[in-house]
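Here the structure is laid out as structure tokens; the discussion comes afterwards.
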Amino acid sequence: MELLARATALVGGAVALMRRMGSPAHQAVGAQPVIPEARKQGIMTLKMPVAKGWVDGHLPTCAAGLKVNAFATGLDHPRWIEVLPNGDVLIAESKEQPAAPKTLMDHAAQATMRRVKAIGQSANRVTLLRDADGDGTAEIRKVFVENQNQPFGMALVGNRFYLGNTDGIRVFDYTPDATSISGPGDKLVDFKPHGHWTRSLIVSPDGTRIYAGVGSLSNIGDHGMEAEEGRAAIWELDLATGQARIFASGLRNAVGMAWEPATQTLWTVVNERDGLGDETPPDYLTSVRDGGFYGWPYCYWGKTVDDRVPQDPALVAKAITPDYALGGHTASLGLCWMPEGTLPGFGSGMVIGQHGSWNRSKLSGYRLIFVPFADGAPSGPPRDILSGFLSDDEKLAYGRPVGVTIGPDQKSLLMADDVGDVIWRVTGA
């Protein structure tokens, strides 16, 4: 398996090097990005840095005026974070559990993903961290809930704890200040597993509904659209009636969600399709409309048709252009609203954990960034909060940003790093 991974890396590196010569000079970023014309790749560009982790006191690089420390270490692929009202911090530890490979390409892809710690045996648990003495480091660690199915998103409404497993949403009874919950919980909604497997959750501002991100099975509907039914969407669950429906669709892989407080509008970050070039199409940050359709798989960035896909002209005609491009293949996953005053030198806006992708000749993402907002919309270029997750030659990944949220003290950010197995805490210096 290791030999196959090395061979795949060599071939992928050669292809990436060849394509790097003609790669765009600038990222497609902002409200009016310059998106290069699609260039079908045939053989996909595959470039993945080997997972190294953090050693010998090495830390991510902070923006000026900030500092970073490890809130918790030694976790098992931490992906998502939820802060409870009492200040306890919940961490979903899980990873993709792949289906049995059928082709040589499947074997090669899985060998590569194992080498970079992206797939494997999943911990399938949520861990509770508690910083009882308030020093910025968690000294209490407990298993909050275990034996789940690739858990990810979490939400607490009253004394009911909701958990987004890859196959649906479960709910458990929660006692305030408890360090664990027991029992199997109740299944509320079924989702199709596999493919883009993460299921992020967010509660509506009035506490009556939960929204869940459900990604596509494939890149561009490769197994037919019947297999994609109910996917590439954000779902809404009415907590009073138990009824669930698709809230918005055509979102290839909507992961992190956040509420913009002035307008109480839902926003999300979306990972776009592969195989059309380094910057084509860009991943994006967008507001989400009830009933809105955002293009996948028929078109991207509004009505730019993907001619690899059998078309539906009626859906293309109604496709909504996203609000803000984040660059191609940044794998923007984590998202939270940061109020003004949280970090010195930063106003209010969205914080985004960019996991970094593989379908590029020159890697992008691998950063924690900030997008400023004004009047309910993005108002300027992105700024780095944390960087330095990649080696200069792009061969090693020390870490990869995923979920991000405001810390219990309201003066810090917590960010999950699923390669470093760390929860980082960012504060003013």
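The values are calculated or read from the model by the stated rules, or taken from the named source; none is laboratory data. Remember, it's a predicted structure, so these values are computed and weren't measured experimentally. All Cβ positions, even for glycine, are placed from backbone atoms using ideal geometry, and neighbour counts span all protein chains on display.
When Ala100 is tested against (1) assigned to a loop (DSSP other than H, G, I, E, B); (2) of a type in the set (A, V, I, L, M); (3) under 17 Å from Gln410 (Cα atoms), only condition (3) is not met. Return yes or no: is Thr137 under 22 Å from Val404 (Cβ atoms), of a type in the set (Ser, Thr, Tyr), more than 22 Å from the chain's Cα centre (by Cα) and modelled with pLDDT of 90 or more? Yes. Residues that are within 30 Å of Ala132 (Cα to Cα) and out of contact with any strand residue (DSSP E or B) (no Cβ under 8 Å at 6 or more places or on another chain) within the range 45-72 comprise Gly53, Val55, Asp56, Gly57, His58, Ala64, listed in sequence order. Considering only the range 139-158, I want to know if a residue exists there that is surrounded by fewer than 15 Cβ atoms within 10 Å (Cβ to Cβ), small (Gly, Ala, Ser) and either touching a strand residue (DSSP E or B) at 6+ places or on another chain (Cβ under 6 Å) or part of a loop (DSSP other than H, G, I, E, B) (or both). Yes, that holds for at least one residue. The residue pairs whose first member lies in the range 293-321 and is without any contact (Cβ under 8 Å) to a residue 12 or more places away in the chain, whose second member is outside any helix (DSSP H, G or I), and whose beta carbons are closer than 7 Å, counting only pairs six or more residues apart or on different chains, are Val305/Tyr298; Val305/Cys299; Val305/Gln311. Considering the range 38-53, the residues that are assigned to a loop (DSSP other than H, G, I, E, B), touching a residue at least 60 places away in the same chain (Cβ under 8 Å) and in contact with a helix residue (DSSP H, G or I) (Cβ under 7 Å, 6 or more places away or on another chain) include one that is surrounded by the fewest Cβ atoms within 10 Å (Cβ to Cβ), namely Leu46. Annotation for the range 349-368: no member residue is at pLDDT 95 or above and surrounded by fewer than 19 Cβ atoms within 10 Å (Cβ to Cβ).
Take Lys192 and tell me if it is charged (D, E, K, R) and either more than 15 Å from Gly242 (Cα to Cα) or assigned to a loop (DSSP other than H, G, I, E, B) (or both). Taking the combined requirement at face value, the residue satisfies it. One residue alone among Asp56, Asp106, Asp76 is of a type in the set (Asp, Glu), closer than 24 Å to Arg425 by Cα, more than 18 Å from the chain's Cα centre (by Cα) and not in a strand (DSSP E or B), and that residue is Asp56. Set side by side, the residues Gly136, Gly183, Gly195 differ, and just one is touching a residue at least 12 places away in the same chain (Cβ under 8 Å) and either among the charged types (D, E, K, R) or out of contact with any strand residue (DSSP E or B) (no Cβ under 6 Å at 6 or more places or on another chain) (or both), which is Gly195. Consider the range 380-429 and keep the residues that are among the acidic types (Asp, Glu) and at positive phi. The one that is surrounded by the fewest Cβ atoms within 10 Å (Cβ to Cβ) is Glu394.
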